[in-house]
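The values are calculated or read from the model by the stated rules, or taken from the named source; none is laboratory data. Computed from a predicted structure; not experimentally measured. Neighbour counts run over all protein chains shown; Cβ positions are idealised from the backbone, glycine included.
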């Protein structure tokens, strides 16, 4: 078994957004439970032995990780003995804004000291109010401002764009997003095609995805970027990274499966489960 991604679920299901395409709503509901510290150390040992070259650690969640800052702190400091060089925090970014002083003043610099390198901000459009409306955020939240704050603290920023009808849903919209990222110094941009998971648990979410998914757009983007950009990297999860006029752009899908002995990622759940696939409960190591 080999991998280059270690995904860690932070906190519980609480979220300050209401994304209609959220895959977590279609998976098994997980409540907030105490972290199984011993099993987390075991997960780190498994990852260290299974990692294939450069490893990326992703702090993610079934909810919004920044609602659980103490859990973020725990994982970052508990991982320090392994000295993994790339640690990414996935968030909608709302709690990075100036009105949320607790995160910026009490946690962010400590997290960087503990090894955090990147903030991955989820969005659906280059225009903040449009993105906020699609994601069900409580106000017209400016994710560009959140990215600016992350940059001011010395973090790299990745924008993780889920492509849906009404958001980034065309080649033209994708190029506007690329131009905006380049202008604002965003280090990485991922354009992600939303897909239906196997055996979805929510009819509401699956119905929304059926109406708003964009089958074929990712394929078209690959073709366009291959001619108007340069392919620079193929990722184990099926994504492809391009240089498009100097901007790092990855085209990917929301869910991918493991292939042969290579697994997309090893996943740690706070209750101590260690798995390697989001969709299948049987894809379990411990």
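The table that follows gives values for the structure above.
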| quantity | calculated |
| --- | --- |
| Among (1) within 14 Å of residue 96 (Cβ to Cβ); (2) over 20 Å from the mean Cα position of the chain (by Cα); (3) in contact (Cβ under 8 Å) with a residue 40 or more places away in the chain - the single one residue 152 does not satisfy | (3) |
| Residue selected from the stretch 198-213 under the condition buried (at least 17 other Cβ atoms within 10 Å of the Cβ) and either modelled with pLDDT of 90 or more or over 22 Å from the mean Cα position of the chain (by Cα) (or both), by the criterion farthest from residue 162 (Cα to Cα) | 208 |
| From the options 164, 195, 157, residue that is crowded, with 18+ Cβ neighbours inside 10 Å, touching a helix residue (DSSP H, G or I) at 6+ places or on another chain (Cβ under 9 Å) and in contact (Cβ under 8 Å) with a residue 40 or more places away in the chain | 164 |
| Residue 3 part of a strand (DSSP E or B) and in contact with a helix residue (DSSP H, G or I) (Cβ under 6 Å, 6 or more places away or on another chain) | yes |
| Spans of helices (runs of 4 or more DSSP H) in the stretch 109-194 with at least 3 residues under 20 Å from residue 59 (Cβ atoms) and touching a strand residue (DSSP E or B) at 6+ places or on another chain (Cβ under 8 Å) | 143-152 |
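Quick grid of which residues meet (1) in contact with a helix residue (DSSP H, G or I) (Cβ under 7 Å, 6 or more places away or on another chain); (2) without any contact (Cβ under 8 Å) to a residue 24 or more places away in the chain; (3) surrounded by fewer than 21 Cβ atoms within 10 Å (Cβ to Cβ):
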site: 49; (1), (2), (3): no, yes, yes
site: 90; (1), (2), (3): yes, no, no
site: 112; (1), (2), (3): no, no, yes
site: 131; (1), (2), (3): yes, no, no
